[in-house]
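Report on the following structure.
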Amino acid sequence: MEIAIIGTGYVGLVTGTCLSETGNHVTCVDINEQKVKMMQQGKLPIYEPGLEQLFHRNINNERLLFTTDLAGAIQNASIIFLALPTPPGGDGSADLSYVLGAAKDIACLISSYKVIVTKSTVPVGTADKVKAVFEKYTDVEVAVVSNPEFLREGVAVEDFMKPDRVVVGTTDQRARKLMADLYSPYVRQGNPIIFMDERSAELTKYAANSFLATKISFMNEIANLCELVGADVDMVRLGVGSDERIGKRFLFPGIGYGGSCFPKDVQALAKAADENNYDFRILNSVMSVNEIQKKILVEKLKKYYNGNLEGKRFALWGLAFKPETDDIREAPALYIIDELLKAGAVVVAYDPEAINNVKSQLADSILYANDLYEALVGTDALLILTEWSAFRNPDFDTIKLNMKDKVIFDGRNLYDLQKMEEHGFYYNSIGRQV
Ligand code: UGA
């Protein structure tokens with residue numbers, strides 16, 4: 001199949017690369033000439049495990065192309081994916097100008113039936129808006145399909161190649177057939193392609209992310225309560241997660257959800273509810289719980305140091321909003337750094353992938369270390385903010401030698417309580433006893 005992908009951000013690039021892997025001929029379009037040149041030379045602009053191998057293989061097989069030429073890319077394409085940014089506007093709702101702008105450009109160029117797929121997370125009713133743009137600028141028939149992505153950063157390739165489900169919102173029979181053909185190689189284990197109308201597909205995406213965010217905020221509150229009543233959240237998590245109706249996944253408490261999706265999508269869904277005169281009470285609580293949770297480690301530190309963090313030196317392990325990514329968008333680490341600096345503390349940070357992104361945002365307001373042990377030299381306490389595998393089994397003797405005090409505040413519950421006690425650490429984690 002001939003496919004065009006408009007926008008080579010995270011979603012566009014993973015989608016394009018993974019679609020070329022099953023034999024489709026995929027042309028990815030971007031207006032950023034420098035980025036396109038880079039990809040044409042075989043360089044990936046993002047870090048995503050497993051993507052590089054597929055990217056090179058399909059470029060070499062000439063099934064994956066990059067261009068700035070929109071007209072050329074869409075001419076023979078039967079399916080055109082819009083994978084464009086939808087940043088939150090000033091009022092919290094998604095800004096659709098990129099999506100609708102691209103729809104207009106495409107409408108002015110096409111001369112035969114096309115399936116136009118919105119892949120970006122877009123508010124309910126966007127497919128209708130895209131349809132209206134096509135009706136305004138062309139007489140050529142198109143089907144506008146909503147096909148939200150459920151990719152997690154860090155495991156996006158796996159999520160694309162073996163999805164739990166594929167959601168396709170369309171009432172156009174021709175488009176339905178093409179989309180079924182396109183996705184059939186990815187659901188061979190029997191996972192469903194769920195067809196529905198466009199609006200239901202659009203809402204499914206927001207509902208899924210908001211539900212997962214709710215699950216996390218709920219567990220964060222349970223964790224906070226565990227500390228007060230003398231329970232252990234790891235035990236409670238196992239106890240409740242074994243109930244299939246609840247499920248084991250996404251029950252890990254921590255320092256709040258971050259990233260480019262959950263915070264934005266929860267906010268956008270609450271806003272959409274509000275616009276429809278519906279007070280989505282749970283979502284409002286989910287957001288306020290998350291705001292508090294992002295700063296919970298700072299509150300714990302202040303309590304430990306009797307309210308005074310002035311001049312204290314803290315090592316931070318992990319800056320990315322989660323492991324296996326260099327993404328720091330809405331990362332709890334940034335909020336924590338901000339609070340620590342405001343309180344007059346010195347911050348030394350280490351992350352296996354995200355250091356450069358943090359450097360370009362925070363410059364020399366904090367110190368950076370080249371490895372995890374270097375970060376600890378002379379520090380009052382270690383704060384663990386991302387659960388990178390490399391932090392799971394460190395050399396605790398080296399840690400003790402490097403640190404000024406044996407104090408760890410762990411926002412990701414990486415270590416065994418008894419082991420920490422044996423090593424003589426003051427170890428404060430989330431939802432467990434100190
Ligand atoms: C999320 C969804 O999981 C994807 O299905 C969706 O496609 C994507 O958003 C999107 O809308 O594009 P992602 O933001 O990459 O994916 O990351 P997650 O693995 O979902 O983690 C989100 C946040 O929740 C992270 O800050 C993570 O630390 C936190 N989290 C996750 C917890 O605090 N506890 C958990 O048990 C799980």
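The values are calculated or read from the model by the stated rules, or taken from the named source; none is laboratory data. Note that the structure is predicted; figures quoted are calculated from it, not measured. When we count neighbours, we look across all protein chains shown, and the Cβ atoms used for this are built from the backbone with ideal geometry, even at glycine.
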Practice task
Quickly run through region 146-159 and pick out the residues that are surrounded by fewer than 16 Cβ atoms within 10 Å (Cβ to Cβ) and assigned to a loop (DSSP other than H, G, I, E, B).
Solution key: ARG152, VAL155
Problem - Meets criteria (more than 12 Å from the ligand (Cβ to nearest atom), assigned by TED's automatic domain parsing to the domain that holds CYS261 and not basic (Lys, Arg)) for TYR278 - result: yes
Practice task
Tell me, please, whether a residue that is of a type in the set (A, V, I, L, M), touching a residue at least 60 places away in the same chain (Cβ under 8 Å), crowded, with 16+ Cβ neighbours inside 10 Å and assigned to a loop (DSSP other than H, G, I, E, B) can be found in region 249-257.
Solution key: yes
Handout entry: Any hit, region 81-103, residues being touching a Ser or Thr at 6+ places or on another chain (Cβ under 6 Å), of a type in the set (Phe, Trp, Tyr) and either free of Cβ contacts under 8 Å to residues at least 40 places away in the same chain or not in a strand (DSSP E or B) (or both)
Key = no
Exercise for the section: Sort out which residues of region 208-236 are more than 7 Å from the ligand (Cβ to nearest atom) and either polar (S, T, N, Q) or assigned by TED's automatic domain parsing to the domain that holds PRO332 (or both), and write them in order of number. Expected result: SER210, THR214, SER217, ASN220, ASN224
Handout entry: Hits in region 237-270 - residues which are more than 9 Å from the ligand (Cβ to nearest atom), of a type in the set (S, T, N, Q) and within 14 Å of GLU330 (Cβ to Cβ)
Key = GLN267
Fill in the blank from the handout: Given the conditions (1) in contact (Cβ under 8 Å) with a residue 24 or more places away in the chain; (2) in a loop (DSSP other than H, G, I, E, B); (3) under 26 Å from GLU324 (Cα atoms), every one holds for LEU54 apart from (2)
Fill in the blank from the handout: Note on region 283-297: residues buried (at least 16 other Cβ atoms within 10 Å of the Cβ) and of a type in the set (Val, Ile, Thr) are VAL286, VAL289, ILE296
Handout entry: Single residue of ALA132, ALA143, ALA127, ALA180 found to be part of a helix (DSSP H, G or I) and touching a residue at least 24 places away in the same chain (Cβ under 8 Å)
Key = ALA127
Exercise for the section: Go through (1) closer than 20 Å to TYR10 by Cα; (2) away from the ligand (no atom under 16 Å from the Cβ); (3) acidic (Asp, Glu) and name the single condition GLU149 misses. Expected result: (2)
Exercise for the section: Could you please let me know if VAL155 is within 16 Å of the ligand (Cβ to nearest atom), of a type outside the set (Lys, Arg) and either touching a residue at least 40 places away in the same chain (Cβ under 8 Å) or touching an Asp or Glu at 6+ places or on another chain (Cβ under 9 Å) (or both)? Expected result: yes
Handout entry: Which numbered condition ALA201 misses (of (1) within 15 Å of the ligand (Cβ to nearest atom); (2) outside the structural domain of GLY12 (by TED's automatic domain parsing); (3) within 25 Å of GLY411 (Cβ to Cβ); (4) surrounded by 14 or more Cβ atoms within 10 Å (Cβ to Cβ))
Key = (3)
Practice task
Answer with yes or no whether VAL29 is surrounded by fewer than 24 Cβ atoms within 10 Å (Cβ to Cβ), closer than 17 Å to PHE81 by Cβ and touching a Ser or Thr at 6+ places or on another chain (Cβ under 7 Å).
Solution key: no
